[in-house]
Amino acid sequence: MRALLIDITRCVGCGACVAACCEQNHLPVEEATELGPYRYTVVRKLRTRRGEVYYRRLCMQCLDPACASVCPVGALRKTAQGPVVYNPSICMGCRYCLQACPFEVPRYEWNSLAPKLGKCSFCAERLASGGVTACAEVCPTGATLCGERDQLLKEARARLAAEPGKYLPRIYGEREVGGTSVLYISHVPFSALGLPENLPLDPLPGYTHRALSQIPPMAG
């Protein structure tokens, strides 16, 4: 399964990843710090006592995605290679996915007469042809790496072990909500990057299924 490793200590805020994402997905190139229906990744700036820190946000591509589990028509699904992909042609606009996502990622075209969902598709077509994501391809510092998830976890652990004073001793996304295909290592708290730190380690669809199983079936 493919994944991304994002090393916050290496991000210089150049925005090359954002530009590449917009080009890959035919999105307008505009200044933005928030995800939106036409902005699948953003680079934000955080001011700390040690100086400015730049970091990316995008869909976490959960291994067992809650968004796909609640979609009643299968418009969202997890592929074997890693991406959580979206099929707008069958989307019914219920927006359950917006409520289900623990990372508050999906965005909706509220002003459109034929609204669709907007989120990172993890460059599914590029991965299917053996390539890497557009963002990883253009990153000049190696802050974003694309590869097999197991190998990226090894790389992350190696960086943490080699410079223990540089990083927090944790790989975000390794186990959160069952694991994600986007992994972070950082020298600042993950909560400061907008990543929730109180998530369960079990996949969220399991909680949904257990709750729904207690509801009596409706009589016809």
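Below, the figures for the structure above:
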read-out: Rounded percent of accessible protein surface that carbon and sulfur make up, the chain, 1.4 Å probe; value: 53 percent
read-out: Within the chain, longest stretch clear of exposed trypsin sites (Lys or Arg not before Pro) (DSSP loop, no more than 13 other Cβ within 10 Å); value: 51-165
read-out: ³J(HN,Hα) computed for each position of the range 144-160 - Karplus, 6.51 cos²θ - 1.76 cosθ + 1.60, integer Hz, glycine/proline x; value: 10, 10, 10, x, 5, 4, 4, 5, 5, 5, 5, 5, 4, 4, 5, 5, 5
read-out: Equivalent ellipsoid, the chain (semi-axes from 5 times Cα gyration tensor eigenvalues, Å); value: 29, 21, 16
read-out: From phi via Karplus (6.51, -1.76, 1.60), per-residue ³J(HN,Hα) for the range 187-201 in Hz, x at Gly/Pro; value: 10, 10, x, 5, 4, 5, 8, x, 9, x, 10, 10, 7, x, 8
read-out: Stretchable slack from E137 to K45, in nm (0.36 nm times residue separation minus alpha-carbon distance); value: 30.9 nm
read-out: Over the range 1-100, volume per residue of the alpha carbon convex hull, in Å³; value: 130 Å³
read-out: Length gained when the stretch I90-E52 is fully extended (0.36 nm per residue, less Cα-Cα span); value: 9.4 nm
read-out: Over 26 Å between alpha carbons, listed pairs K45/K154; K116/K154; K78/K154; value: K45/K154; K116/K154
read-out: Cleavage-rule hits, chymotrypsin sites (Phe, Trp or Tyr not before Pro), the range 25-130, DSSP coil, Cβ neighbours within 10 Å at most 10; value: W110
read-out: Theoretical ellipticity at 222 nm over the chain - DSSP helices of four or more residues, -39500 (n - 2.57) apiece, nearest 500; value: -6500 deg cm²/dmol
read-out: For the chain, cysteines whose Cβ has no other cysteine Cβ within reach (under 4.7 Å); value: C11, C14, C21, C22, C62, C71, C91, C94, C101, C123, C139, C146
read-out: Translational diffusion coefficient (Stokes-Einstein; Kirkwood radius from C-alpha pairs) of the range 1-42 at 10 °C, 1.306 mPa s, in µm²/s; value: 139 µm²/s
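The values are calculated or read from the model by the stated rules, or taken from the named source; none is laboratory data. Bear in mind that the values here come from a model prediction, so they are computed numbers and not experimental data. When we count neighbours, we look across all protein chains shown, and the Cβ atoms used for this are built from the backbone with ideal geometry, even at glycine. Protein only, heavy atoms only, side chains kept; ligands, DNA and RNA dropped before computing areas. Shrake-Rupley method; radii C 1.70, N 1.55, O 1.52, S 1.80 Å.
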